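Worksheet: the structure to be examined is printed underneath.
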């Protein structure tokens, strides 16, 4: 990042290549849509480039970067909550990870029933994450998927460490409530939209 700050274009390209997948993955978990996550990732790196001259090495670079990711995702979720999109195609976008996972599973020769179990579980976890509020979802994704410490998450989200611990405890409890019916008797977790439409 110090080379990027000094206008080294190849360093910026290397930085993007190194962190792009993590940023897209993180954004996908937070906003719940891979197509939107890819667009937001471009916005994240554009912001990194714009503020490169103000970068001061202090904490880990990833903490600084994920703070930008958190801010971009929060802005996007606020924008999405103000306007409802209607999907005319009938189905949602296929997550980018699903295609990669399918290719990896096919190459590994796993049994078809096992593939179905993993895909179904991944979908159930995504639905459960989608039912958390924004702060809980962000904290869970940073902690579980990025393996960041409470201190790093508190820096990224601008909250105290004790607030992060509390947020994660509430998120775990909420996830347990949502996932328990599926884990105990195989009942699929419904999205909030599906539950509303069923009423």
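Some values worked out for this structure:
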| read-out | value |
| --- | --- |
| Residue that is exposed (fewer than 13 other Cβ atoms within 10 Å of the Cβ), within 17 Å of residue 158 (Cβ to Cβ), outside the structural domain of residue 151 (by TED's automatic domain parsing) and modelled with pLDDT of 85 or more, where the choices are 71, 75 | 75 |
| Filter pass, residue 46 being assigned to a helix (DSSP H, G or I) and surrounded by 14 or more Cβ atoms within 10 Å (Cβ to Cβ) | no |
| Where a residue in the range 136-156 is in the same structural domain as residue 23 (by TED's automatic domain parsing) and its partner, wherever it lies, is buried (at least 21 other Cβ atoms within 10 Å of the Cβ) and in a loop (DSSP other than H, G, I, E, B), with Cβ under 9 Å and at least six apart | none |
| Criterion violated by residue 143 - all others in (1) more than 22 Å from residue 69 (Cα to Cα); (2) within 18 Å of the chain's Cα centre (by Cα) satisfied | (1) |
| Answer residue from the range 49-68, given it is touching a helix residue (DSSP H, G or I) at 6+ places or on another chain (Cβ under 7 Å) and in a helix (DSSP H, G or I) and is surrounded by the fewest Cβ atoms within 10 Å (Cβ to Cβ) among those | 53 |
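The values are calculated or read from the model by the stated rules, or taken from the named source; none is laboratory data. Computed from a predicted structure; not experimentally measured. Here Cβ is always computed from backbone atoms with ideal geometry, including for glycine, and neighbour counts include all displayed protein chains.
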